[in-house]
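The values are calculated or read from the model by the stated rules, or taken from the named source; none is laboratory data. What you see is a predicted model, and the numbers here were worked out from it, not measured in a lab. Positions of Cβ are generated from backbone atoms using ideal geometry, with glycine treated the same way; all protein chains shown enter the neighbour counts.
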Amino acid sequence: MITINVNGESQRLDIDPGTPLLWVVRENLGLTGTKFGCGIAQCGACTVHLNGQPIRACVTPVAAADGQSVTTIEGVAGDGDMHPVQEAWIAEQVPQCGYCQSGQIMSAVALLANNPNPDDDAINTAMRGNVCRCGTYPRVRRAIKRAAAAQTAGVQIYQPAAQPEVRNG
Ligand code: FES
């Protein structure tokens with residue numbers, strides 16, 4: 001039996017310990033925001049946090065997370081609506097096709113947790129493992145800087161618009 005805290009909830013899994021964590025997250029727990037990209041830890045689409053550090057879930061056996069804490073894109077906001085990085089992503093309109101973006105955000109969140117004011121070199125180093133076939137790298141960099149500034153100032157970047165009233169008929 002494997003026990004993992006995922007996004008703040010304890011999960012007990014009767015599963016082959018060699019099963020990739022990515023399979024567990026997506027198939028067993030239904031958290032499909034984390035994507036399968038290359039399957040060999042080269043693209044970053046499957047990035048989740050293990051005890052706050054970004055890892056590639058496609059090559060991490062679930063046994064490595066036994067007794068540990070995993071955070072996926074679904075849990076990155078914590079109790080809030082969005083993490084400041086997610087707000088900055090919207091403000092900078094980062095995603096194109098979107099496939100790589102949850103992995104990009106997970107790496108960016110981990111970066112800012114360790115370095116609240118990263119320069120271009122620090123951003124490039126931290127994000128090097130996240131490939132974007134749509135070429136959103138300049139926007140990723142801008143969004144990380146925007147999130148860093150907002151976090152430092154303690155301000156919210158993005159206020160979700162009020163939902164329009166839906167009328168029947
Ligand atoms: Fe399409 Fe990154 S937004 S792969």
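For this structure, a couple of remarks:
- Qualifying residue in the stretch 148-167 (condition: within 16 Å of the ligand (Cβ to nearest atom), at pLDDT 95 or above and not polar (S, T, N, Q)): no
- Verdict on Thr71 being within 30 Å of Met1 (Cα to Cα) and away from the ligand (no atom under 16 Å from the Cβ): yes
- Selected residue [more than 13 Å from the ligand (Cβ to nearest atom), exposed (fewer than 12 other Cβ atoms within 10 Å of the Cβ), farther than 16 Å from Pro54 by Cβ and over 10 Å from the mean Cα position of the chain (by Cα)] from Gly80, Gly135: Gly80
- Of all residues making up the stretch 138-147, the number that are within 16 Å of the ligand (Cβ to nearest atom) and surrounded by 13 or more Cβ atoms within 10 Å (Cβ to Cβ): 6
- Enumeration of residues in the stretch 7-21 that are outside any loop (DSSP other than H, G, I, E, B) and either surrounded by 15 or more Cβ atoms within 10 Å (Cβ to Cβ) or in contact with a His (Cβ under 8 Å, 6 or more places away or on another chain) (or both): Gln11, Leu13, Pro20, Leu21
- For the stretch 92-112, a tally of residues being more than 11 Å from the ligand (Cβ to nearest atom) and free of Cβ contacts under 8 Å to residues at least 12 places away in the same chain returns 0.
- Number of residues in the stretch 101-132 that are within 15 Å of His83 (Cβ to Cβ), exposed (fewer than 15 other Cβ atoms within 10 Å of the Cβ) and of a type in the set (Val, Ile, Thr) equals 0.
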